[in-house]
1. Please list the three semi-axes, largest first and in whole Å, of the ellipsoid equivalent to region 25-195, using sqrt of 5 times the eigenvalues of its alpha carbon gyration tensor.
2. Rounded if a/c is under 1.5, else prolate if a/b beats b/c, else oblate: with a ≥ b ≥ c from the C-alpha gyration tensor eigenvalues square-rooted, which is region 106-184?
3. Given a cut-off of under 8 Å on Cα pairs at least six residues apart, what relative contact order in percent is computed for region 88-196?
4. With θ taken as phi - 60° and the coefficients 6.51, -1.76 and 1.60, list the Karplus ³J(HN,Hα) couplings across region 68-81 in order, rounded to whole Hz; mark glycine and proline as x.
5. Hey, can you grab everything whose amide H is under 5 Å from the amide H of Gly116? Only 5+ residues off in sequence or another chain; H modelled, so Pro and N-termini drop out.
6. Could you work out how far apart the two model spin labels at Asn175 and Thr28 are, taking each label as a point 7 Å from the Cα in the direction of the beta carbon, and quote it in nm?
7. So what's the angle, to the nearest 10 degrees on a 0 to 90 scale, between helix 3-19 and the longest Cα principal axis of the chain?
8. Hey, with R₀ at 25 Å, roughly what FRET efficiency would Ser115 and Glu66 work out to, going by the Cβ-Cβ distance, to 0.05?
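Please treat every number below as a calculation from the coordinates, not as lab data. Just so it is clear, the structure is predicted and the values come from calculations on it, not from any experiment. Quick reminder, even Gly has a Cβ in these numbers, built from the backbone with ideal geometry, and neighbours come from all protein chains shown.
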Amino acid sequence: MNIRRFLTTAAVTILVLAGTAGPARADTTFSSLPGVLYLCSFPGVPPQQVTAVEEFTGPGSVPAGESFSITTISGTIFLGNGTRSLMRAVGYDGVRGSGMIPVTASNASPNSSDSGFVWEQIWPPLTGTIEFYAGSQSFVAGAPGTIVFKMGTPFSLALQFHKASNNTWTSWIMNCNLKVTSPAQNTAFTPALPVT
């Protein structure tokens, strides 16, 4: 067999084998934009309204009854100018800690979850955020149809707030509840996850 014919035959064989492989399930980004309003507790000030956004990566679809994971869960809690002013007035200018906004799911059973952590952040004078990251949560898919993911409520973060005057950290459990609005807020991530 000459070398040209051998290479051509090998290339065709590789293409045929590649074509018989099972279809890959492309990853999908799920997002809670434009955001959800919560009322959260802060040290030294009354409960404050914040806006939270969250996203994660998951499969494009999942078979019924199969275990699957969502990964690279991350989110940001935005402090309004009023909240940031109040925190500055009582001497706090940063945050760090642990926790996350849990992700819940309809038509799926929770299986396991990593704990999240909050980046250490020193805030500029007029704005502030609490940014968190978690590895993954796993679920078992329910019946054929769709799974709708939602931002959990209530939730708590184990935080430390930075005291600017003496460079110390104050431990605080920040408890947050979904703000009651009319009409009610939509806490769902988009898109929904198809179950086949």
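1. Values: eigenvalues 216, 52, 30 Å².
Listed largest to smallest, the semi-axes of region 25-195 are 33, 16, 12 Å.
2. Values: a/c = 3.06, a/b = 1.95, b/c = 1.57.
Verdict is prolate for region 106-184.
3. Values: 229 pairs, mean separation 34.3, N = 109.
Value for region 88-196: 31 percent.
4. With the stated coefficients, region 68-81 comes to 8, 10, 10, 10, 6, 6, 8, x, 9, 9, 9, 8, x, 4 Hz.
5. Long-range HN contacts for Gly116: Gly99, Met100.
6. Between Asn175 and Thr28, the label points sit 3.6 nm apart.
7. Between the helix axis and the principal axis of the chain, the angle is about 50 degrees.
8. Numbers: r = 25 Å, r/R0 = 0.98.
Efficiency, from the Cβ-Cβ distance: 0.55.
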